[in-house]
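Read the structure below first, then the notes.
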Amino acid sequence: MTLHLINKTPSESSALSDSLSAVSEGDALLLIENGVYAALPGYAALFTRLPGSVQCYLLENDAQARGLKDLNQEFRQIDYDGFVELSCRYSKVVSWF
Amino acid sequence: MSDSKKSFLIINRKAPYGSSAARDALDVALTISVFEQPLSLLFLDDGVLQLLPEHNAAAIGQKNLSANLAMLEMYDIDQLYVCSRALEQRGIRPSDIKLNITLLDQNGIATLIKQQDQVLSF
């Protein structure tokens, strides 16, 4: 099982769409840095076709830094400790930078 | 310095914090205002994300950009234009933005650019 890291907004690169087409059952998605903007409600449609077993997370420090509120409820907010924990829990980490 | 004035437009197209683009644009805006040249700022694409209020950049060890944007008016930089389509695409309501902005459609953007003597893009 793989943890996919995304650090770009949906419009600044194809990183998010590339990662979404490479996600398998049981994988997890973690939005960091500018990637957290993908959890704005306007982008919710991008994530509707993900398998139900895929867990979605975002780094709360990056969301707070950017003044983001009322984000997509599919994403669970984690802190830096949670980031470390996820990196250990999944056997592989793929960075879509 | 001569009396002649040139109008400047700064185009912001990048999200804050992921790169230095937003801060660089702000530095240039303040420099232009020191020389008392007419200046407008235009926010397009991911640039509109700079306008969301209440940043807490300390959470990632950086300085707040929203505080700097809020004080632009003190430097007589009050012409802020925002692409309405970019807001819509990101699910941001104009009322979410606490700055005094003017919304522009695609035609309005073209007209604004055409009116300027110089355009700088970040």
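Values quoted throughout were computed directly from the atomic coordinates according to the rules given, and no laboratory measurement underlies them. Computed from a predicted structure; not experimentally measured. Cβ coordinates were reconstructed from backbone atoms using ideal geometry, including for glycine residues, and neighbour counts include every protein chain displayed.
Side notes on the structure shown:
- According to the Kirkwood relation over distinct C-alpha pairs, the hydrodynamic radius of the protein assembly as shown is 18.5 Å.
- GNM top mover of A:82, A:52, A:35 - chain A, alpha-carbon springs below 10 Å: A:52
- Reported value for the range B:1-41: 56 Å³ per residue, from the convex hull of its C-alpha atoms.
- Average partner coverage of B:102-111, which counts Cβ from other chains inside 10 Å: 0
- Per-residue packing, averaged as other Cβ atoms within 10 Å, sorts the ranges A:57-69, B:101-113 into the order A:57-69, B:101-113, beginning with the highest.
- Cα shape, the range B:8-121, gyration tensor, a/c 1.5 rule: oblate
- Of the residues A:88, B:83, the one with the fewest other Cβ atoms within 10 Å heads the list, and the complete ranking is A:88, B:83.
- The range B:1-51 versus the range A:26-40: alpha-carbon centroid distance in Å: 29
- Backbone N under 17 Å from the residue A:76 label point (7 Å along Cα→Cβ), restricted to the range A:1-23: A:1-5
- Per-residue average of Cβ from other chains inside 10 Å of A:38-47: 2
- Estimated 222 nm signal from helices in the protein assembly as shown, with DSSP H stretches of n ≥ 4 weighted -39500 (n - 2.57), rounded to 500: -7000 deg cm²/dmol
- The range B:75-110-the range A:70-88 distance, computed between alpha-carbon centres (Å): 31
- Listed cross-link partners B:14/B:114; A:8/A:92; A:8/B:14 are compared with a 18 Å cut-off, the Cα-Cα value being larger for B:14/B:114; A:8/A:92.
- Cα gyration tensor shape for the range A:2-96, rounded if a/c is under 1.5, else prolate or oblate: rounded
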